[in-house]
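The values are calculated or read from the model by the stated rules, or taken from the named source; none is laboratory data. Quick caveat: nothing in here was measured; it's all calculated off a predicted structure. When we count neighbours, we look across all protein chains shown, and the Cβ atoms used for this are built from the backbone with ideal geometry, even at glycine. We work out accessible area using only protein heavy atoms, side chains counted, and drop any ligands, DNA or RNA first. Shrake-Rupley method; radii C 1.70, N 1.55, O 1.52, S 1.80 Å.
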Amino acid sequence: MATLSPFHTIGSHCLNLGANELSKSAVTSCVCKSKVGQSLQRIDVGRKLLPGEVVHNVAQSPRWSLGLRCFAAARVSVEQAEESVNKTSQVDELQKQSTYLFRTETGGQVKVFVCKRSVKYVVDIEVSSLQFSSDDSQLKLSGGLYRSNRDIINQIIETPFIARSSSELALELEFEAEEVPCYLSFLLKASSRVSSSGLEIRSHRKSSFCVPIGLDQGYPAPLGLSFSTDGSMNFAVYSRNAESLVLCLYDDNASEEPALELDLDPYVNRTGDIWHASIEGAWTFVSYGYRCKGNRDTFHAEHVLLDPYAKIIGSSIPNHHESGLLPKHLGRLCKEPAFDWSGDLSPKIPLEQLLVYRLNVMQFTKDKSSKLPADVAGTFSGVTEKVQHLKDLGINAVLLEPILTFNEQKGPYFPCHFFSPANLYGPSNGSVSAINSMKGMVKNLHANGIEIFLEVVFTHTAEGGALQGLDDLSYYHKNSVEDLEARNALNCNYPVVQQLILDSLRHWVTEFHIDGFCFINASCLLRGVHGERLSRPPLVEAIAFEPVLSMTKIIADCWDPYDKMPKEIRFPHWKKWAEMNTKFCSDIRNFLRGQGALSSLATRLCGSGDIFSDGRGPAFSFNFIARNFGLPLVDLVSYSNAELASEVSWNCGEEGPTSNTAVLERRLKQIRNFLFVLYISLGIPVLNMGDECGHSSSGSPSCGSRKHLDWNTMTTGFGIQTTKFISFLISLRKRRSDLLQKRNFLKEENIEWHGSNRSPPGWEDPSCKFLAMRLKADKAEGQLSSEASQLKGDLFIAFNAADRAETIILPPPPEGMAWRQLVDTALPYPGFFSTDGKPILEQMMGLVAYKMKSRSCTLFEACTDGS
């Protein structure tokens, strides 16, 4: 015979019991007196109360004053009960009724009905099919109320059952609202006139019967905190290996100890590996967390843990334990604030047309030079206030460094949570203000034609993150790869972690209207549950085909926050994933310092076909020269000591700050060269915050060494000319999108390569440091003569990384056109770039020669006379 579960939860619905409902007119009242020290089993996880322990807990918990009343059912017929109860009021009274069914160890059956009537809670207990040793046996209920192991209420209940029929006994208990939520734990005592000691009857688990009052079983979905239409709050959290779980409720965010703790019953409040419970929304609690109990090696019941699905994070409060003072975050018991999204539309910019600006929300406007109010500077609202700067540059997408709740000591790349923005980015450093401020920023940027991407870190958490302690064996890499365990590495392809990551991404898209995500340390997304490398990782594939994410841009960035270095890896993409192109960064740096091969430069200029010719295209390459880790652009041409070997930098002749004019001019040319190559290359250019105005970290590659952006540098001579040059390059990309913003690679017939003196390039010759290319525009067929001025001509682009000048011979332009010089990075400001272009005169036999200075770049465009 199959073994039945200890008891079955029949339902938590609006059940109409009909004949089973007791008549209020047929009830006899009796006051239940407290009988401390009865031989009642300890109401623990096993629902057993030891003698003497009740007395101990009562002494420590004198604040519980219950005023409990018990009702015993009289012997009345079913017909009388039905006639005496109005059916309409009966339905109203039985709202939210829960029914529980137990088997006793002697083969009987115990039914318990819990419902709310008006402001009181009623527990109706029915016992049937019990076999007694004598006809004069009496049955009593002996039990008590408790909330958790730490919180046992000083009320012991002992009351007799009344026979409802020849085979059924019943009684009814009534509790005041202030006494719940709690659990009723009881056993049955059978006695006779001959022997008063009697027989104690328990469930077939050999434990006490236990039912929640004012605490519904809840639902396993959705995970996290959710609100029902009746205002009740449902809690659901995953923990496969926890033996028991305690819901901790706080009535004060500043309190270190919960005001109420509720042990969740594994038979009532657990479905599969999900623990869940529901309480009324009328309580005055403001925040919540969980204690997990189990193996002491992996669970620490003294710690209150944050719900990993909490949408609003309360203020951090101290958490004292052996390792010192650590921050503790709690979920807020409130709904997410309403926000008016009316009129908001994502710009939905095609991938190949993106022009990205990476920024840190706090560092962008926190400096006093931003001239923003103190409560706006360094927040999402601060970004909103500076949107005109982004528009002046021509930017149409912003990439935000991680803004999820993080460990403030280690930085934003060590997250604590995945569903809420960090409170410090809100005007009042509060969770609700941060949420509203971020949504306002997104709506404003969208209105200005700018998309918003988030950098996200799903491969590890900070020490004490939201997942640690809940179920480390499920959430983290344990006992597989020692290095991963030391890093708090998340087991990303484990089903529950995969679900959490997908739920987080959906949340940011649906609730915050985010347009894309850049996944930091993406190479670790490819690890299996045992740390092995997967060729087809489930999470990466699921993200690629998730419907909610179908219109977002998803970018893999293999930079590792621990090693501070990017990892080169073949990333599976399903023609959906783009990538941060670290090879572009290293190859361009190498070439411009005079050490790279021409073949590497050409590959990067044409969209990195060695990486993206596998069914994607150049639009999937996110190119960058400098970023938030490593050296910023101005330091890249100012520092190159031995400690910075991995940065592939060059100081242009002197280390650090200098007054040497020749060195300064060389550095200025190099900065222009870097920006020029970035915006001329196929792919998506990513400009790092502050590189437009010479933002420096004084030669430190550490992300923590970055200072707040000094807005006064925008008005310096360098800031003005560099900002204008970037704006010019962006407008050029847009105007010549036929050649510079292509989703697909250039055809062979659309490109020509030239070396020195028009000879073939020395692709692998380390002594060759000059390369020129001609990009041929597709001929427009059938154009009317009046449209001749709109014809787009070829581009001729040359790069000279040598210390000597180079004379270039421009090929003949298309018929009816002439070459105009648009850029020469060696010329002084303002002449080194021109929107209209400077005509280049023919010198001999239809050829045009131009002398390039050392370490410079030039660009020519073939134009008609009227263009």
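Here are some notes:
- Residues of the range 535-585 satisfying the condition of being in a loop (DSSP other than H, G, I, E, B), within 23 Å of L605 (Cα to Cα) and among the hydrophobic types (A, V, I, L, M, F, W, C): C558, I569, F571
- Enumeration of residues in the range 816-832 that are crowded, with 19+ Cβ neighbours inside 10 Å and outside any strand (DSSP E or B): T825, A826, F832
Matching residues to (1) at positive phi; (2) of a type in the set (S, T, Y); (3) open to solvent by 10 Å² or more (accessible area, probe 1.4 Å); (4) part of a helix (DSSP H, G or I):
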| residue | (1), (2), (3), (4) |
| --- | --- |
| G343 | yes, no, yes, no |
| I349 | no, no, yes, no |
| M362 | no, no, yes, yes |
| S381 | no, yes, yes, yes |
| H417 | no, no, no, no |
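- Leading residue by the ranking (surrounded by the most Cβ atoms within 10 Å (Cβ to Cβ)) among those in the range 99-141 that are touching a residue at least 24 places away in the same chain (Cβ under 8 Å) and acidic (D, E): D124
- Filtered residues of the range 504-514 (kept if of a type outside the set (S, T, Y) and open to solvent by 10 Å² or more (accessible area, probe 1.4 Å)): R506, H507, V509, E511, H513
- If the condition is being open to solvent by 50 Å² or more (accessible area, probe 1.4 Å) and polar (S, T, N, Q), then the range 707-733 contributes N712, T715, T716, S731.
- Elements of type helices (runs of 4 or more DSSP H) in the range 419-516, at least 3 residues being touching a strand residue (DSSP E or B) at 6+ places or on another chain (Cβ under 9 Å): 431-447, 482-486, 495-512
- Unmet criterion (only one of (1) under 12 Å from V686 (Cα atoms); (2) over 23 Å from the mean Cα position of the chain (by Cα)) for K391: (1)
- Filter result for the condition that a residue is at pLDDT below 95 and not assigned by the TED database to the domain that holds I514, over P337, P347, P415: P337
- When A163, A190, A170, A221 are checked against the criterion of being surrounded by fewer than 18 Cβ atoms within 10 Å (Cβ to Cβ), among the small types (G, A, S) and farther than 25 Å from I279 by Cβ, a single residue qualifies: A163.
- L678 satisfies every condition listed in (1) aliphatic (A, V, I, L, M); (2) over 22 Å from I720 (Cβ atoms); (3) surrounded by 22 or more Cβ atoms within 10 Å (Cβ to Cβ) except (2).
- Single match in A242, A277, A254 (criterion: in contact (Cβ under 8 Å) with a residue 60 or more places away in the chain, part of a loop (DSSP other than H, G, I, E, B), crowded, with 23+ Cβ neighbours inside 10 Å and among the small types (G, A, S)): A242
- Residue in the range 655-675 that is buried (at least 20 other Cβ atoms within 10 Å of the Cβ) and on the phi > 0 side of the Ramachandran plot present: no
- You will find that of P766, P760, P813, the residue that is within 50 Å of the chain's Cα centre (by Cα), part of a loop (DSSP other than H, G, I, E, B) and modelled with pLDDT under 95 is P766 and no other.
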